Amino acid sequence: MKKPFFSFWMAWLALAGAAGAQSPTGSVSGRVVARENGRPLAEAKVTLTRSVTKEAYRGETNDKGEFQVGGLPPGNYVVEVDAEGRAGARLNVLQTVEAGKTTVIKRPFELESERAYSVIRGAVFNERGLTMPNVTITAERMSSADASLKPGKAGTTVTNSAGEFAFRFPGADAVYRVTAQAKGYLPQTKELDVQKREARNMAFQLEPAPLRRERANE
C-alpha cells in the first residue's frame, strides 16, 4: 500500500533535481585571430558588457585563440576584444545569452596589427536601428602629415552581412572623409582625424530619402 506514495516521492525528487541542475546563467564563446594571416591570438582580453545594467564580464583566449566567458545572466551583450600590439575590435551586433546555453560567435574576431597601419572601421544602421548590409562606403583622404600620402580617394568598400566595414591605411596622421551611400537613403558623410597607427570606430545611421512627387500630367 505504501509503494504508490514512495514512487510519487522518488519522482518528485528526480524532477526537483533536474530543475536544480539547470544553470541560471549562460556563456559566450568565440575565436580571435590575426587579420593578416589568420593566426590564433593567445591572451587576448575579452569583455562582455550587459546592455541593460552595463555590468562587465571578462575572459581571455587560450593558445588556440579560443575563449569562453561563463556566468552570464540572460540578456543582450556587447562583445569587445583587445590584444597587445593589435587594434581592438567590437561586435556591433548584440549577442543574446540564454540560461543554460552557450552562444557561439561563429565569425572570428580579426585584429589588425597596430605597427604599420591606421584602421577605420564601423557599422551602418537604418532609421530603425537595424544594421544595413551592402552599403557603399567611400573614404577620401583630405590631408596627411606624410607628404607621400596625397589627398584624394583612399578606398571603397561595402558593408558585410552584419552591416560592418573596415579600411586599413598607411599608419600616418591623416584626416579622412567617409561617406555611406545606399539606394533609397540619404547619403551621410563624416570626417575623422586619425592619428598614426590608430584604430578609429564610427557609426552611420541613414535616413530614408524623401519620396519624389511626380508631376501630374496636364
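So that you can scan it fast, the table gives a plain yes or no per residue for (1) β-branched (V, I, T); (2) over 22 Å from E110 (Cβ atoms):
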position	(1), (2)
K150	no, yes
V178	yes, no
Q188	no, yes
E198	no, no
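Do you know which residues across region 107-154 are among the small types (G, A, S), under 19 Å from the mean Cα position of the chain (by Cα) and farther than 14 Å from A166 by Cα? Walk me through how you get there before you give the answer.
Step one: of region 107-154, the residues among the small types (G, A, S) are 113, 116, 118, 122-123, 129, 139, 143-145, 147-148, 152, 154.
Remaining after also requiring under 19 Å from the mean Cα position of the chain (by Cα): 113, 118, 122-123, 129.
Residue satisfying the conditions is G129 alone.
Collect the residues in region 1-56 that are modelled with pLDDT under 85 and within 23 Å of A83 (Cβ to Cβ), keeping them in residue-number order. Walk me through it before giving the result.
Filtering region 1-56 for residues modelled with pLDDT under 85 gives 1-23, 35-36.
Of everything in region 1-56, those that are modelled with pLDDT under 85 and within 23 Å of A83 (Cβ to Cβ) turn out to be R35, E36.
Report the residue count in region 61-90 for those that are in contact with a Gly (Cβ under 7 Å, 6 or more places away or on another chain) and in a loop (DSSP other than H, G, I, E, B).
So the answer is 1.
Name the strands (runs of 3 or more DSSP E) wholly within region 123-218 that hold at least 2 residues that are surrounded by fewer than 12 Cβ atoms within 10 Å (Cβ to Cβ) and modelled with pLDDT of 95 or more? It would help to see each step written out before you state the result.
Values: elements: 136-144, 152-158, 164-170, 174-181, 188-194, 199-205.
Counting at least 2 such residues, we get no strands (runs of 3 or more DSSP E) at all.
Test V119 against the criterion of being crowded, with 16+ Cβ neighbours inside 10 Å, touching a Phe, Trp or Tyr at 6+ places or on another chain (Cβ under 6 Å) and part of a strand (DSSP E or B), and give yes or no. It would help to see each step written out before you state the result.
Working: crowded, with 16+ Cβ neighbours inside 10 Å: yes; touching a Phe, Trp or Tyr at 6+ places or on another chain (Cβ under 6 Å): no; part of a strand (DSSP E or B): yes.
No, not satisfied.
The values are calculated or read from the model by the stated rules, or taken from the named source; none is laboratory data. Quantities reported herein were computed from a predicted structural model and do not represent experimental measurements. In this analysis, Cβ positions are derived from the backbone assuming ideal geometry, glycine residues included, and neighbour counts consider all displayed protein chains.
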